[in-house]
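The values are calculated or read from the model by the stated rules, or taken from the named source; none is laboratory data. Remember, it's a predicted structure, so these values are computed and weren't measured experimentally. When we count neighbours, we look across all protein chains shown, and the Cβ atoms used for this are built from the backbone with ideal geometry, even at glycine. What goes into the accessible areas is simple: the full protein's heavy atoms, side chains included, and nothing from ligands, DNA or RNA. Shrake-Rupley method; radii C 1.70, N 1.55, O 1.52, S 1.80 Å.
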Amino acid sequence: QYSDSNEGYYCSLEFLQDFVSPLETAAFKDKTIIDIGSGTGRIVKMLHMAGAGKIYAYEPSVAYKQLLANTK
């Protein structure tokens with residue numbers, strides 16, 4: 001039902017840069033981030049790769065179980 005395959009460009013710093021442009025991914029370094037509607041954790045993983053200090057991920061649907069599995 002939900003993909004656990006968060007790999008390649010789909011889950012990369014390059015994608016995050018494209019997503020948040022003109023903000024630079026370096027802006028997330030050591031920051032506390034809240035991701036509301038985290039889905040399966042793709043953005044959470046990218047924020048972690050960008051060096052976020054702490055990430056709070058909230059997903060109010062059944063995708064929450066996949067979020068936990070994908071972000072161990």
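Inside the range 40-51, can you point out the residues that are in a helix (DSSP H, G or I) and not aliphatic (A, V, I, L, M)? Arg42, Lys45, His48 - these are the residues of the range 40-51 that are in a helix (DSSP H, G or I) and not aliphatic (A, V, I, L, M).
If you go through the range 1-42 and keep only what is modelled with pLDDT of 90 or more, farther than 17 Å from Glu59 by Cβ and open to solvent by 90 Å² or more (accessible area, probe 1.4 Å), you end up with Glu14, Asp18, Phe19, Pro22, Glu24, Lys29, Asp30, Lys31, Thr32.
Of all the residues that make up the range 52-72, how many are assigned to a loop (DSSP other than H, G, I, E, B) and open to solvent by 20 Å² or more (accessible area, probe 1.4 Å)? Selection size over the range 52-72: 7.
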